[in-house]
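Worksheet: one structure, shown below.
The values are calculated or read from the model by the stated rules, or taken from the named source; none is laboratory data. These numbers were taken from a predicted model, which means no experiment stands behind them. Using ideal geometry, Cβ is built from the backbone for each residue, glycine included, and neighbour counts are taken over all protein chains shown. Remember, those area values only see protein heavy atoms, side chains included, never the ligands or the DNA or RNA. Shrake-Rupley method; radii C 1.70, N 1.55, O 1.52, S 1.80 Å.
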Amino acid sequence: MKKNFDLWVNFHPALKKLIMELKIAFLIVALSVSTVFATDTYSQVAKVSLDMENTSLEKVMDEIEKQSEFYFIFNQKQIDVSRMVNVQVENKLIEGILAELFIGTNVNYTILDRKILLTTEPLEESIKIASVISEVPQQKITGKVFDRQSGDPMPGVNVQVKGTTLGAITDANGQYSLPVSESNPTLIFSFIGCVSQEILAVGKTSIDVTLAEELTGLDEVVVIGYGTQKKVNLTGAISTIDAKKIENRPMTNVSQAVQGMSGLYVNQAGGQPGKDAATIRIRGIGTLNDNNPLVLVDGIAYSLLDVNPNEIENISVLKDAASTAVYGSRAANGVILITTKKGKRNQAFTVNYNTYYGLEQPTYLPDIEWNPITYMNYKNQALINEGKAIEYTQANIDEYANGMATDPYTYPQSNYFDMILRDGKMAEHNLTVSGGGSNHNIALTLGYLDQEGILKNIKGQKYSMGLNAKVDINKFLSLGGRISGVYRKYNEPWNGMGSYWQGVYRSLPIYPVKIQDGRWGNAWLRTAGHNNFMNPVERLEEGMNNFVQQRMLANLYADVKLPFGILYKINAA
């Protein structure tokens, strides 16, 4: 076990100087005698084998201590124990291993019997410190650690000497044993989910400790309804996600934030700007017409499409039938609870700005034949296979082939995917100002989303604003409120996106986009079932439907603290 000492004995300055001089003299005499008689020290006979690649210096030092009686003395402020090293030695003396570990560094080392002193200072000064350390009497502290709530022994508790790397772990019976070389040691007892304790161990050989449960960590509070609950006490099926997991994900709406959560079916079937919300199913398909989950934002029914992802502090999803006990039949399809950012008390106001820019592209397109001659031959062969008359005569095909080189208006080679699709640009900007004092907190979020679709002339924009504030009037009454607003506009072809794509898939390479005089064109070849041509380019440039949606929600509430710790909420939206 490595020792990290930074020790000075608190004596009178004159007495301290005299003791130091005597120790140095004694050390020099001892070193001289050992040199004169040339007796073998431990370092001259003990050998170590190591095979460690890309390993931290700390782990290498631990392995040396395990294989030998050596232990290291160093100051953590001087020695970088996290430095990665490679060492492969077989039955090698410690002197050679140290030379290999610290080659090319400013670390000096010296071996004093079983002590290995590491320092970046001159060795003479380090030997003085080592001599003081060697005179400090060691003591052994033992004890037992208990759980305050149950009274049972606690295994796995970390016991450490403060300011050093010297430590131990309690066994299955909660017991520990720790040798201490400090003159004024303080022990730190720590365990996940419990409050750490620091105990001064001067003059003590046995210390028993009781650890209490911490109010955070395993007791993380999650929203479960018109209130909160600790995760450790939950019996219902609940999934949660916090802001840190979604803040760096590019999203156009909140329905994309819950993708990947256990127990949720999330399917985003389209990417049309302004109408790209995913379908969410929590408990499958019910018997009611509406199978969507109930969405509550700070306790108020709201649309996921109208929430700015940058506003979110936490999302909880109630997935089992227990949610109906709070919300009734509206919760039959599950509940999504969203808590928005409110700012933190006693925190200076901070301004956060984040943005991203990206491109949207179609992930998959059908394999369509856009060559007119190949298409006509394929169509004729398909009709022959069905025992029907061909659509295009050989004269038609030959005429078309000859005319493509001279008259592209009458004999077009139309590829409608190339004409209507593009790389859609997308950019989002969010600004958040939050903070608070001892009796108030506030958070303001402003967002702007500019999204182009993969179809030319299709676009959408969204402006959002959220204001959350709370102030304590006195120790019994607090007033708060949230104002949220969204303004969204987008467009689409006049008869809807579904009908538009149906027309695209029925478009043929023999259909012209425009004729020579600039008018929208049509085909001169007869094609069964395609006599009514709906030009995809024309529908993107003329007769578009423009949509504007805006929504504002004001939610005011009052928290009244009644006697006996009862909190009564008054909520109005």
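Some points to look at:
- Scalar couplings 3J(HN,Hα) for region 259-269, obtained by applying the Karplus form with A = 6.51, B = -1.76, C = 1.60 to θ = phi - 60°, are 4, x, 6, 5, x, 10, 9, 10, 9, 9, 7 Hz; x denotes Gly and Pro.
- A cut-off of 5 Å between modelled amide H atoms, ignoring neighbours fewer than 5 places along the same chain, links V295 with Y302, I336.
- Note on W520: accessible area is roughly 60 Å² with a 1.4 Å probe, heavy atoms of protein only.
- 3J(HN,Hα) couplings calculated from phi for region 92-105 with the Karplus curve 6.51 cos²θ - 1.76 cosθ + 1.60 (θ = phi - 60°) are, in sequence order, 10, 5, 5, 4, x, 5, 5, 4, 6, 5, 10, 5, x, 10 Hz; Gly and Pro show x.
- Region 286-397: translational diffusion in µm²/s, Stokes-Einstein, Kirkwood Rh over Cα pairs, 4 °C, 1.567 mPa s: 63
- Backbone amide hydrogens, once placed in the peptide plane, bring K514 within less than 5 Å of G521, excluding anything fewer than 5 places away on its chain.
- Here's the list of aspartates and glutamates a cross-link from K66 could span, going by alpha-carbon distance under 13 Å and ignoring same-chain residues fewer than 8 apart: E58.
- Chain lengthening between Q67 and Y364 when straightened (0.36 nm per residue, less Cα-Cα): 100.9 nm
- Near the amide H of V307, within less than 5 Å, lie the amide hydrogens of V254, all on another chain or at least 5 residues away, with H placed in the peptide plane.
- Partners for K561 among aspartates and glutamates (Cα-Cα distance below 15 Å; same-chain residues under 8 apart left out): D472
- Label-point gap, in nm, between T240 and R519 - each point 7 angstrom along Cα→Cβ: 6.8
- Bridging of K92 to aspartates and glutamates at a Cα separation below 15 Å is possible for D51, E63, E65, E69, E100, once same-chain residues fewer than 8 apart are set aside.
- Lys, Arg +1 and Asp, Glu -1 on Cβ, resulting dipole of region 363-433 about Cα centre, debye, nearest 20: 140
- Using the 1.4 Å probe convention, the accessible area of region 322-421 works out to 60 Å² per residue with neighbouring protein chains retained.
- By the Kirkwood approach, averaging reciprocal distances over each pair of separate Cα atoms, region 421-495 gets a hydrodynamic radius of 15.1 Å.
- Counting only protein heavy atoms and a probe of 1.4 Å, the accessible surface of region 244-380 is 51% carbon and sulfur.
- Violating pairs (Cα-Cα greater than 27 angstrom) within the set K379/K425; K456/K514; K341/K462; K245/K344; K144/K244: K379/K425; K144/K244
- The HN-Hα couplings worked out from phi for region 502-518 by the Karplus form 6.51 cos²θ - 1.76 cosθ + 1.60 (θ = phi - 60°) are 4, x, 5, 5, 9, 6, 10, x, 8, 8, x, 7, 9, 8, 5, 7, x Hz, whole numbers, x standing for Gly and Pro.
- Among the chymotrypsin sites (Phe, Trp or Tyr not before Pro) within region 398-480, those in coil by DSSP and having at most 13 neighbouring Cβ atoms inside 10 Å are Y409, F476.
- Computed accessible area, L166, all protein chains, 1.4 angstrom probe, square angstrom: 10
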